[in-house]
Amino acid sequence: MSTQEQLELCKQASDVLRLTTTINKNRFLLGLADLLLQNTGEIVLENAKDLELAKELPIAMQQRLKLSENSIKSIAKGLREVAELADPVGTIEKMCRRPNGMQVGRMRVPIGVIFFIFESRPNVIVDAAAMCIKSGNVLLARGGKEALYSNNVLLKYIKKALVEAGLSEHSVEQLEDRSHEAIIEVVKMDKFINLVVPRGREKLIRSVKEAARVPVIAHERGLCHLYIDATADVIKAVKLAINAKTSNPSACNSIETVLVHKDIVNDVVPALLTQYLDKGVEVRGDKTICGLNDKCILATEEDWSTEYLDLIISIKVVENSDEAISHIKKYSSGLTDSIVTEDYSLARRFTQEINSASVLVNASNRLTDGGQFGLGAELGISTASIHMKGPMGIVDLTVTKYIVLGDGQIRE
C-alpha cells in the first residue's frame, strides 16, 4: 500500500474504534496475550534474525532488542493488566449546573490516529497497540530497522487479535514505507494524523518537530541525574545509585550522572565506587572522585551532557544543593531526575524547582515507567510542556470535549 492508502484506512478505522465497547477492547488485549504465549517459539526465532543482524551494535543495544520466553510472558502480563484498567473513554468529569439550569461537563474522548515512532525495542509495538486500542485510538507505528523481523511477527498477531475481537485490522498499522522521507511526509498530513509521538535519537525527534503540522509529544533522550544530599541515608543512597545505573543501563530512565554533596563524600563514594567497578561500570569523575580511586577516569565537560546508555557513569562533587540543582537544570534532558535526602524542606524544593517529567525523592530513577506507576504500560515518557508530562497512560491518550445538557436555555 501507498502511505496515502494506509492513512485513509487508519482514518476509517478511527471513526469505528472510537465507538467500540470496552468489552471488545479487552477481548483484543486478552486474545493478544494468549496469542503471544501460544506463539512464543516463532516470535523468538524471528527476533533471533534481528539479533544476528545486530552483532555489530553495542551490547546494551542488543539487550534492548532481545526477546525471550520470559520477556514475552512479561509482555502478556502487561496486556492483561491494561485489560483490567478502567476505560476512560466516555467518562464525564466536572459536571456542574449553571445558574440558568443547564449542565456543563467534560467527556473524555480518543485523540484519533496516533503516529508513533520508536527504535530498537520490539516489545514497544505491543505496548503501544495495547494503550491505543484501550483508549480508542488507532495506532500507526514506525519501528526501527533493528527490530524489523520482530515487529513484523508481533504485528501479525496484533492484527489477528484485532480481527478475532471484532475490530478492524487497520486499527493498528505499521508504516510500510521505511524511508525517513516517509516519516516527514506523514507528520505533515493533518487530515489523517491527530498526534505524533516520537521516541528515539535526538536528531530524529528534532526533524519530526520541525516538519510536523500536527501536535507532537516527544519522548526525549534520557540524560538523568541522582543527587545525594548531605542528609542522605548512606545505605539508601548507595543502593539507589547502583540500581538506577546498573539494573538496565541501556534504558532511557537509567542515570548518567551522580552528584554528591561534599560533606558526605567520604561516607558514600568509596562504597559506591567499589560496587560500580565490581559491576563493570566505567566511572568518569571530577578530581575529587578520581583522587579516591585510581581506576576512575577524569571527566570532561562533554561527559556532563552525554547520554551513555551503557555501563558508564559520571560522578561530580558539589558544594551544596544549590549547585546540584543548577547542574541538573543545565544538563538534564528533562526525563527523570532524583534526590536522596532526609531533609523534607529540601525534598519539596527539589520537586518544585526541577521541571523534569518525573522527579523522585528517595527512589530509583528506574521506577519511572508506566507499569511501575500503575498505568499498565506507557506509550512513552512525555517531556513536552503541553498536555501532560511523564509516562503516558491510557487516560493521557484521551482529551476532553465539553458536553452541555439543557432544557431550552438560550443566550440572553
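Values in this text are rule-based calculations from the coordinates and carry no lab data. What you see is a predicted model; the values in this text were computed from it and never measured. All Cβ positions, glycine included, derive from the backbone under ideal geometry; neighbour counts span all protein chains shown.
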As I understand it, the dipole of the chain uses +1 on the Cβ of Lys and Arg and -1 on the Cβ of Asp and Glu, about the Cα centre. Which of Asn24, Met392, Val216 lies farthest toward its positive end?
Asn24
Could you pull out every one of the lysines with an alpha carbon less than 30 Å from that of Lys239, ignoring same-chain neighbours closer than 8 positions?
Lys66, Lys73, Lys77, Lys262, Lys279, Lys287, Lys295, Lys316, Lys329, Lys330, Lys389
Angle in degrees between helix 22-38 and the longest Cα principal axis of the chain, rounded to the nearest 10
60
Calculate the length of the line joining the C-alpha centroid of segment 242-298 to that of segment 133-173, in whole Å.
41
Most fluctuating residue given options Asn320, Asn70, Asn253, as computed from a GNM of the chain linking Cα atoms under 10 Å
Asn70
GluC sites (Glu not before Pro) lying in DSSP loop within segment 119-213, provided at most 16 other Cβ fall within 10 Å:
Glu176
List the residues, sorted by chain then number, that are 5 or more residues from Ser382 or on another chain and whose placed amide H is less than 5 Å from its amide H.
Gly390, Met392
Which far-off residues, 5 or more places away or on another chain, put their amide H under 5 Å from the one on Ile111, with H placed in the peptide plane?
Val399
Can you grab the distance from the C-alpha centre of segment 12-64 to the C-alpha centre of segment 367-382, Å, no decimals?
17
Would you kindly derive the ³J(HN,Hα) couplings of segment 231-236 from the backbone phi angles with the Karplus curve 6.51 cos²θ - 1.76 cosθ + 1.60 (θ = phi - 60°), listing them in order in whole Hz, with x for Gly and Pro?
8, 5, 6, 4, 4, 4
Among (1) 55, 23, 19; (2) 40, 28, 19; (3) 63, 26, 20, the entry derived from the coordinates for semi-axes √(5λ) of the Cα gyration tensor in Å:
(2)
If amide hydrogens are placed 1.01 Å from N in the peptide plane, which non-local residues have theirs closer than 5 Å to the one on Ala363?
Ile339
Can you work out ³J(HN,Hα) from phi for every residue in segment 273-281, in order, using Karplus 6.51 cos²θ - 1.76 cosθ + 1.60 and θ = phi - 60°, giving whole Hz and x for Gly and Pro?
5, 4, 5, 4, 5, 5, 8, x, 8
Could you work out which residue, out of Asn151, Asn243, Asn293, moves most in a Gaussian network model of the chain, that is, has the largest mean-square fluctuation with Cα springs under 10 Å?
Asn293
Karplus couplings for segment 192-198 from phi (6.51 cos²θ - 1.76 cosθ + 1.60, θ = phi - 60°), rounded to Hz, Gly and Pro as x?
10, 9, 9, 7, 10, 10, x
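As an exercise, find the ratio Rg/Rh for segment 224-367 from alpha-carbon atoms, using the Kirkwood inverse-distance average for Rh.
That ratio is 0.91, to two decimals.
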Comparing Arg64, Arg108, Arg349, which has the greatest mean-square fluctuation in the GNM of the chain with Cα pairs linked when under 10 Å apart?
Arg349
